[in-house]
Amino acid sequence: MTPTLRLPYIRPTLSRLNQGPVNPFRLGTSPSCPDIDGISVPELTREHGSPLFVFSETALRDAYRAAHRAFSRRYPDVQFAWSYKTNYLNAICRVFHQEGAIAEVVSGFEYEKARHNGIEGHNIIFNGPHKEKADVERAIAEGAMLQVDNIDELLHLGEITKGRTEPLPIALRVHLSTGVQTVWSKFGFSGDDGELQQVVRRILAMPQLRLVGLHCHIGTFILEPEWYRIAAKKMVALALNAEAMGAGPIRYLNMGGGFASHARLHFQYLPPEQATPSMDRYAEAICDTITAEWPQGRTLPKLYLETGRALVDDAGYLISTVVAVKRRTLHDPVATALAAFGKNGPATVAGAPSQNALVLDAGINLMYTTTWYQPRILPVRPCLDAPTPTTVFGCLCMNIDVLREDAPLPGLTTGDQVVMHPVGAYNQTQSMQFITYRPAVVMTGPGGQVHLIRRRENLEYVQEMEVVPSHLQNPE
Amino acid sequence: MLNDRGFAFDPTSGETFQLSTTGLRIVRLLQQDTGHEKILEHVIEEFEVEPNTASRDLADFLLSVKQVGWISE
Amino acid sequence: MNPPRLILSGLHRGENPQPGAGLIKSIRAQFPGAFIIGLVYDAMESGIYMVDGPDQVYAMPYPTSGAQAYFRRLDEILALSPADILIPTLDAEIELLVHLEEEITRRGLRCVLPDKLTLQRRSKANLTELANLCDVAVPDTQPIYDLSGAYAVSRGLEFPLMVKGQYYDAKKVQHEGELAAAVSRLAAEWGAPVILQKCVDGPEFNALGLGDGKGGLVGLCCIRKTILSDKGKGLGGITINDPRLTDLCERLVRELKWNGPFEVELILDEKRGEYFLIEINPRFPAWVDFPSQCGANFAGALVRRLLDGVWPASLPTCPAGHFYLRHQIEVHGHVNQIAELAGTYA
């Protein structure tokens, strides 16, 4: 007789206790993620397939409102601009535009997208080191806010605006030393060694241009809000200095973005819940500094912010399914490195340390950010057994396709689903079609609605741009 | 020695091991000289598991039991 | 009054000894009836098995698993063994708990912690700024975030260099090869940044203190390390009375308004006759029980503070000339005790 009540299954394992700490709690317990925004994960994939990107509209709006509140209660004139490159799915952009964000773009393509999303030229901040001539001309004609990155761009602007009666308002991008480990000197002019002043002097000699703003983006995923204090202080000093040189009033300061989401960097010891500063701490560092440093009695400059990751990352999830389960032998890293140079490949020794490994149906082509960040990988069903370090492989036919080397996971099995989070920033825009089709993207609404915002790719879509020369047309 | 929470100590080698609950059940069956086919039947019968998963995990588990020298073939 | 029930951690006394076992000894000396619960990260932490060791031991998730996991497990433990006082003893635990005092008090636990900003100001990455503010000499110390940063900084500092994990562990390196190995290992274990510090040659000094949170000191005990292990750990030390050293510690504590236990590590540059500040640890050192044996029970004073809500009268100064030697002996356990800790999940 088959017993009617079966026990919950845990993968049978035998671990040697001398191979690591004796502590079944060391990786915490196994939290599960059965639903997103109250909608069950299996239900989402039944309808839209696996893998599946999911964005929570509520989370997007909440993140925007929290950020806006943090800044606007400390500063009278704040405007957020949605950073298109962070995620330019139209539905996402439109949520932020509806909330009041204008657009920040870094190419003609993004400019077109912003216009298509109903943003007028004067509400577009045009940034970036490379702006095509035609795009610049369109931006000028439509009154976009140009943030000039380099001297070639400035001289070109000078040429095409020659003879203008009304001077063209521009801003200059600045890079600053603030304490961030790498100064982003690729962008803009140095604010620390007099380069900016030299450029201001050039602008003074071009009556067709007028400097009205300064832009600075100190870096990305900045976990130390104090660095913004340093940046804001330097920006005010540079603005006042430019005015003193005769540039006329500086009307806005654009402090860029770089605020951290709840992602976790490789080599980040404390988890995001402890390491990621609140939006209030960024706002305080920036707003209080500008207010304190700006001359008393003068109207404060308008403050633009272009934060992308902190608004969209935590709202994005990737659902994926376990397609295979393996044991992976852990080789001595030195032997493995030597093997790469053809010196004595690492022999697989019986009894060598090994760990669980999973193959998912999503690969690093969808998760470009795993280069720098470790997504949390949560089982959809609750699991009883202790999490152990588990290698999570992607589905690509390439050895480098590893989503996480050591995710703390219980013993999952084929067909189990996992949710990766946060994945909302950059994975859409930087993903590539490779080996297989990119998955669908849905947005969950506050009332339990599920909106498809990007269809799963298919053969027609992928081949749409291809042209087969006539002599190859008939495969006979 | 093997206690009922899956902790094992090999007095010959001095090594210590920890078995998961399912692992413990399988080792107990091995101790009663149960054949591998029969063990698989037991696992599927007693636990909420698909036959394919159970079969794969059992093979993995038996390999690791063999590697520590508790069974020979 | 009922004897206090305490939770503390850091029970290992092997090659890299932690303060927990010393704390237990000091606390038992002042509160013989104390019920002590040990939180451990490995069943092999030697203090679990010491004579008069913890009354109860539980395994904990690593601090890197985050506060949620930490408190979930703590709640399970409190349900089994109620307690009144929590004494975190490891840097990573303090980093985790520092802005979560509310979570701790909500569970009926009392705890002394610095605030987050103060903790950051004394971190290895910010040490130079603090030292300059307090007019204390400090070796060139720079945080690095990757290997290329390490190479760039090392060129400015010159070898040999100290490479330090942000919370724990350090290695002296002589060349770029060793630098790469040390940076990779410390970053993998303790995260970024890794700290590079210029080596200062000279005798080493440590100070153990308790700050009252208002800029004052409840107690201070200064020692010169007399024996160093090859990893730089103090295997022996002797109490000293150097007003310069006392004054230096007072300046640091005044500036930080430090609340609770701390350890200052210094090296004396004998040519310049100047103390160099190497590190400030936000916790008790492993040698915490030594001053208790000279009449200044720092752990006891902390527990008193947690029981009464106010700091007790200042601890007596340890007179110069008392010394300690680290004495390693074998503790005894049975494999059944390991079994207890190995199989308690789910």
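The values are calculated or read from the model by the stated rules, or taken from the named source; none is laboratory data. Given the structure is predicted, the values throughout are model-derived calculations rather than measurements. As a convention, Cβ positions derive from the backbone with ideal geometry for all residues, glycine included, and neighbour counts pool all protein chains shown. Just so you know, the surface numbers come from the protein's heavy atoms only, side chains and all, with ligands and any DNA or RNA stripped out. Shrake-Rupley method; radii C 1.70, N 1.55, O 1.52, S 1.80 Å.
Only one residue in C:L80, C:L74, C:L86 is away from chain A (no Cβ under 12 Å), open to solvent by less than 10 Å² (accessible area, probe 1.4 Å) and at pLDDT 95 or above, so which one is that?
Working: C:L80 fails: open to solvent by less than 10 Å² (accessible area, probe 1.4 Å); C:L74 fails: away from chain A (no Cβ under 12 Å).
Checking each option against the conditions leaves just C:L86.
Quickly run through the stretch A:10-40 and pick out the residues that are assigned to a loop (DSSP other than H, G, I, E, B), of a type outside the set (S, T, N, Q), away from chain C (no Cβ under 12 Å) and touching a residue at least 60 places away in the same chain (Cβ under 8 Å). Working first, answer last.
Step one: filter the stretch A:10-40 for residues assigned to a loop (DSSP other than H, G, I, E, B), giving A:10-13, A:20-34, A:37-38.
Imposing the further condition that a residue be of a type outside the set (S, T, N, Q) reduces the set to A:10-12, A:20-22, A:24-28, A:31, A:33-34, A:37-38.
Going one step further and asking which of them are away from chain C (no Cβ under 12 Å), we end up with A:11-12, A:33-34, A:37-38.
Once the filter is applied, which keeps residues that are assigned to a loop (DSSP other than H, G, I, E, B), of a type outside the set (S, T, N, Q), away from chain C (no Cβ under 12 Å) and touching a residue at least 60 places away in the same chain (Cβ under 8 Å), the stretch A:10-40 yields A:R11, A:C33, A:P34, A:D37, A:G38.
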Test A:L52 against the stated conditions and say whether it is within 13 Å of chain C (Cβ to nearest Cβ) and touching a helix residue (DSSP H, G or I) at 6+ places or on another chain (Cβ under 6 Å). no
Sole exception among (1) touching an Asp or Glu at 6+ places or on another chain (Cβ under 8 Å); (2) away from chain A (no Cβ under 13 Å); (3) modelled with pLDDT under 90 for C:A192, by number: (2)
Which condition number in (1) in contact with a Phe, Trp or Tyr (Cβ under 7 Å, 6 or more places away or on another chain); (2) at pLDDT 95 or above; (3) of a type outside the set (V, I, T) is the one that A:G219 fails? (2)
Filter the stretch A:410-426 down to the residues that are in contact with a Pro (Cβ under 9 Å, 6 or more places away or on another chain), away from chain B (no Cβ under 14 Å) and open to solvent by less than 20 Å² (accessible area, probe 1.4 Å) and list them by number. A:V418, A:V419, A:M420, A:P422, A:V423
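Condition check ((1) within 14 Å of chain C (Cβ to nearest Cβ); (2) more than 24 Å from A:Q355 (Cβ to Cβ)) across all residues:
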position	(1), (2)
B:N3	yes, yes
B:T12	yes, yes
B:T22	yes, no
B:R28	no, yes
B:Q32	no, yes
B:V49	no, no
B:R56	no, no
B:D60	no, no
B:I71	no, no
Among the residues of the stretch B:34-47, write down those that are within 7 Å of chain A (Cβ to nearest Cβ) and either buried (at least 20 other Cβ atoms within 10 Å of the Cβ) or within 27 Å of A:P24 (Cα to Cα) (or both). B:E46, B:F47
Name every residue in the stretch C:213-231 that is open to solvent by less than 20 Å² (accessible area, probe 1.4 Å) and within 13 Å of C:W287 (Cα to Cα), in order of residue number. C:C221, C:C222, C:I223
Of all residues in the stretch C:148-168, which are surrounded by 15 or more Cβ atoms within 10 Å (Cβ to Cβ), without any contact (Cβ under 8 Å) to a residue 24 or more places away in the chain and within 14 Å of chain A (Cβ to nearest Cβ)? C:G149
Just checking, how many residues over the stretch C:15-39 are farther than 20 Å from C:L74 by Cβ, part of a loop (DSSP other than H, G, I, E, B) and touching a residue at least 40 places away in the same chain (Cβ under 8 Å)? 4
Could you tell me whether C:A43 is within 14 Å of another protein chain (Cβ to nearest Cβ), over 26 Å from C:G300 (Cβ atoms), surrounded by 22 or more Cβ atoms within 10 Å (Cβ to Cβ) and in contact with a strand residue (DSSP E or B) (Cβ under 8 Å, 6 or more places away or on another chain)? yes
I need the full set of residues from the stretch A:70-83 which are in contact (Cβ under 8 Å) with a residue 40 or more places away in the chain and in a helix (DSSP H, G or I), in order please. A:A70, A:F71
Have a look at A:V106, A:V136 and point out the one that is free of Cβ contacts under 8 Å to residues at least 40 places away in the same chain and open to solvent by 20 Å² or more (accessible area, probe 1.4 Å). A:V106
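Please verify whether A:R438 is within 22 Å of A:V54 (Cα to Cα), under 22 Å from the mean Cα position of the chain (by Cα), free of Cβ contacts under 8 Å to residues at least 24 places away in the same chain and more than 14 Å from chain C (Cβ to nearest Cβ), treating the condition exactly as stated.
No.
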Name the one entry in A:F259, A:F221 that is more than 14 Å from chain C (Cβ to nearest Cβ), within 30 Å of C:A69 (Cα to Cα) and within 18 Å of the chain's Cα centre (by Cα). A:F259
Find all pairs meeting these conditions: Cβ atoms under 9 angstrom apart; at least six residues apart or on different chains; first residue within the stretch A:242-268 and in the same structural domain as A:R173 (by TED's automatic domain parsing); second residue among the basic types (K, R) and in a loop (DSSP other than H, G, I, E, B). A:P249/A:R298
Go through (1) under 30 Å from C:K198 (Cα atoms); (2) crowded, with 22+ Cβ neighbours inside 10 Å; (3) within 12 Å of chain A (Cβ to nearest Cβ) for C:E129 and report which single condition fails. (2)
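For the structure I just gave you, tell me whether C:G213 is at positive phi, in the same structural domain as C:G295 (by TED's automatic domain parsing), touching a residue at least 24 places away in the same chain (Cβ under 8 Å) and out of contact with any helix residue (DSSP H, G or I) (no Cβ under 7 Å at 6 or more places or on another chain). Give the derivation first.
Numbers: at positive phi: yes; in the same structural domain as C:G295 (by TED's automatic domain parsing): yes; touching a residue at least 24 places away in the same chain (Cβ under 8 Å): yes; out of contact with any helix residue (DSSP H, G or I) (no Cβ under 7 Å at 6 or more places or on another chain): yes.
So C:G213 passes the test.
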Would you please name the residue that is farthest from C:I338 (Cα to Cα), looking only at residues in the stretch C:46-59 that are of a type in the set (A, V, I, L, M) and either within 14 Å of chain A (Cβ to nearest Cβ) or buried (at least 17 other Cβ atoms within 10 Å of the Cβ) (or both)? C:M50
Residues that are touching a strand residue (DSSP E or B) at 6+ places or on another chain (Cβ under 8 Å), at least 2 per element: which helices (runs of 4 or more DSSP H) completely within the stretch C:103-190 meet that? C:127-133, C:147-157, C:176-190
Taking C:H332 and the conditions (1) open to solvent by 50 Å² or more (accessible area, probe 1.4 Å); (2) within 14 Å of another protein chain (Cβ to nearest Cβ); (3) touching a helix residue (DSSP H, G or I) at 6+ places or on another chain (Cβ under 8 Å), which numbered condition does it fall short on, given that it satisfies the others? (2)
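Would you check if there is a residue in the stretch A:150-167 being under 17 Å from A:K85 (Cβ atoms) and surrounded by 13 or more Cβ atoms within 10 Å (Cβ to Cβ)? Write out each step before concluding.
So in the stretch A:150-167, the residues under 17 Å from A:K85 (Cβ atoms) come out as none.
No - not one qualifying residue is present in the stretch A:150-167.
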Against the definition (over 30 Å from A:G415 (Cβ atoms), within 21 Å of the chain's Cα centre (by Cα) and away from chain C (no Cβ under 14 Å)), how does A:A101 come out, yes or no? yes
Which residue, of C:F284, C:F298, C:F323, C:F290, is open to solvent by 30 Å² or more (accessible area, probe 1.4 Å), at pLDDT 95 or above and either away from every other protein chain (no Cβ under 14 Å) or within 17 Å of C:F31 (Cα to Cα) (or both)? C:F323
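Might you check whether a residue that is in contact (Cβ under 8 Å) with a residue 60 or more places away in the chain and among the hydrophobic types (A, V, I, L, M, F, W, C) occurs anywhere in the stretch A:205-218?
Applying the first criterion (in contact (Cβ under 8 Å) with a residue 60 or more places away in the chain) to the stretch A:205-218 yields A:213, A:215, A:217.
Narrowing the set further to residues that are among the hydrophobic types (A, V, I, L, M, F, W, C) leaves none.
No: zero hits.
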